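A short worksheet on the structure shown next.
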């Protein structure tokens, strides 16, 4: 058993905890149980032979998590019970994410058995490493020597006709509808084979992506909101600033990569605070 205490100040907020960690005898890096020193709640963990987390029980939130991985150790399926979230990820042959489905997990009862059914209704298309499209809009990403330094939300189509825009968008999403059709089988295989549950996938045609851009951006001459990433020594974003140089988000992470602190600022005051402990 190991124990750890962290005292950290985030502006006027104090983020402290004292936890106890338990590990497998055969693997000193695979924590099997964490005892929360503040609430007394206990989290339980399971890992596969490659060291990927495949199961977690969160007593504090009364939720269970299932995680499924590809052969090359990339997260492919995720389900969180207790009205939590579910997700599916697909990758190119080079290991780059090109498609994501997300949605809520709905707790249902069938033949007297209760289980969490994933409802995957929000697709995101990663048309390339430079542009991401979903039903809310699109984001352009800018890189320096392979490191993402900035993202801009929408814009860029103020002086273009709808016909020309459609040609550009169709180039971006070429083959997307066929990819969606193929990936439906992959989604079913992942969730059934790994979690023994059958997800529900909402229909989403490629033309919807065109309408997202056309309805929200065509003919508008608005300044594109820009956000800049400031990374720590591991390359993870610690701060996000806007075009005026003002901090819009502060992030800290737990050792296994999950968010510990996520502060989002509006008018320079923390508006949304999540503590994942």
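Structure data summary
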item: Some residue of the stretch 255-272 being assigned to a loop (DSSP other than H, G, I, E, B), farther than 30 Å from residue 38 by Cα, more than 22 Å from the chain's Cα centre (by Cα) and modelled with pLDDT of 70 or more; result: no
item: Those residues of the stretch 122-156 which are surrounded by fewer than 16 Cβ atoms within 10 Å (Cβ to Cβ) and under 22 Å from residue 180 (Cβ atoms), in sequence order; result: 128, 129, 130, 131, 135, 136, 137
item: Candidate set from the stretch 183-208 (those that are more than 20 Å from the chain's Cα centre (by Cα) and buried (at least 16 other Cβ atoms within 10 Å of the Cβ)); member that is modelled with the highest pLDDT; result: 197
item: Restricting the stretch 2-59 to residues that are over 28 Å from residue 69 (Cβ atoms) and not in a strand (DSSP E or B), the residue that is modelled with the lowest pLDDT; result: 12
item: Residue check for residue 77: assigned to a loop (DSSP other than H, G, I, E, B) and either more than 16 Å from the chain's Cα centre (by Cα) or modelled with pLDDT of 85 or more (or both); result: no
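The values are calculated or read from the model by the stated rules, or taken from the named source; none is laboratory data. Note that the coordinates shown come from a computational prediction; the quantities given were computed from them, not determined experimentally. FYI the Cβ positions are ideal-geometry reconstructions off the backbone, even for glycines, and counts take in every protein chain you see.
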